[in-house]
Amino acid sequence: MSDFWLYALLCGTAVIIALAFYAGKLLKQVSKQKEQQAQAQRNQQQALNKHDKKVLDSVLLITRAMQQEQCEFDEGCWRLSVLLSSLKTMTEMPVKFPGVFGLYDAIKDLAIRDARKTLTKKQRMREDYQRMTALDKMHDGVVTDLGDLHQFTTEQLTRLTS
C-alpha cells in the first residue's frame, strides 16, 4: 500500500510540475503579447505623429503666406480647414480657430476651378459677392486666428519633434 501512495505522490508531483511549467509558459506568452501590443501602439502613435507633423508643416507655411498677404484669405482658409481637419492626434480645431473655419464654411459651397468656368457671368458675380461679403465680415476673426494658429502650430511641431 505504501508503494501506491509513493507512486500517487510522484504522479501528483509530476502533474503539478507540468501544470506549473505550462502556466509559466502561458504567462510568458501573455507578457510577450502585451509587449507586442505596446510596440504596435508606439508604432501607430509614431505614424500618427509623422502624419500630423507633415500636415502642421503645411499649415505653418500657409499661415505665414496668409500673414504676409501672399495667399488670398479665402483660398488659405479653405486649405487650412482641410489640413486641420485631417490631423490625427488633435481634435476640435473648428472650436480653436472659428474665424478660419467660419470663412471656410461660408465659401465651401461656392464653385472653384473648372466648376467656376461653367458658371454664367451673373452666377460668377453672385458667388464673388458672397465670397467678398463673407471675407469682409470674417476678416478680423481670420487675422486673429492666423496669429493663434501660427503659435499653436509652432508649439505642436516642437512637441512632435522632441
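The values are calculated or read from the model by the stated rules, or taken from the named source; none is laboratory data. Please read all numbers here as calculations on a predicted model, not as lab measurements. Ideal geometry is used to build each Cβ from the backbone, glycine not excepted, and the neighbour counts take in all protein chains shown.
The set of residues from region 85-143 being closer than 20 Å to residue 63 by Cα, of a type in the set (Asp, Glu) and under 26 Å from the mean Cα position of the chain (by Cα) comprises 92, 105. Scanning region 65-74 turns up no residue that is surrounded by fewer than 14 Cβ atoms within 10 Å (Cβ to Cβ) and of a type in the set (Gly, Ala, Ser). So which residues in region 100-124 are loosely packed, with under 12 Cβ neighbours inside 10 Å and closer than 22 Å to residue 145 by Cβ? Once the filter is applied, which keeps residues that are loosely packed, with under 12 Cβ neighbours inside 10 Å and closer than 22 Å to residue 145 by Cβ, region 100-124 yields only 109.
Does residue 44 satisfy being surrounded by 13 or more Cβ atoms within 10 Å (Cβ to Cβ) and closer than 23 Å to residue 156 by Cα? Spelling it out, it is not the case that residue 44 is surrounded by 13 or more Cβ atoms within 10 Å (Cβ to Cβ) and closer than 23 Å to residue 156 by Cα. The condition of being without any contact (Cβ under 8 Å) to a residue 24 or more places away in the chain and within 23 Å of the chain's Cα centre (by Cα) does not hold for residue 49.
Please return the ranges of helices (runs of 4 or more DSSP H) entirely within region 60-127 where 1 or more residues are of a type in the set (A, V, I, L, M) and within 14 Å of residue 139 (Cα to Cα).
98-107
Going through region 129-156 one residue at a time, which ones are polar (S, T, N, Q), surrounded by 13 or more Cβ atoms within 10 Å (Cβ to Cβ) and closer than 17 Å to residue 80 by Cα? Within region 129-156, 144, 153, 154, 156 qualify. Pairs meeting the criteria (first residue in region 121-144 and under 14 Å from residue 109 (Cβ atoms), second residue of a type in the set (Ser, Thr, Tyr) and assigned to a helix (DSSP H, G or I), beta carbons under 9 Å, at least 6 apart or on different chains) are lacking. For region 98-120, a residue qualifies if it is touching a residue at least 40 places away in the same chain (Cβ under 8 Å) and of a type in the set (A, V, I, L, M), and exactly one does: 100. Residue 13: among the hydroxyl-bearing types (Ser, Thr, Tyr), free of Cβ contacts under 8 Å to residues at least 40 places away in the same chain and not in a helix (DSSP H, G or I), yes or no? No, not satisfied.
Residues in region 76-93 that are of a type outside the set (A, V, I, L, M) and at pLDDT 90 or above were compared, and the one that is farthest from residue 135 (Cα to Cα) is 86. Look at region 70-97: where a residue is within 13 Å of residue 52 (Cα to Cα) and of a type in the set (S, T, N, Q) and a partner is modelled with pLDDT under 95 and surrounded by fewer than 14 Cβ atoms within 10 Å (Cβ to Cβ), sitting 6+ places away or on another chain with Cβ atoms under 9 Å, you get 89/45.
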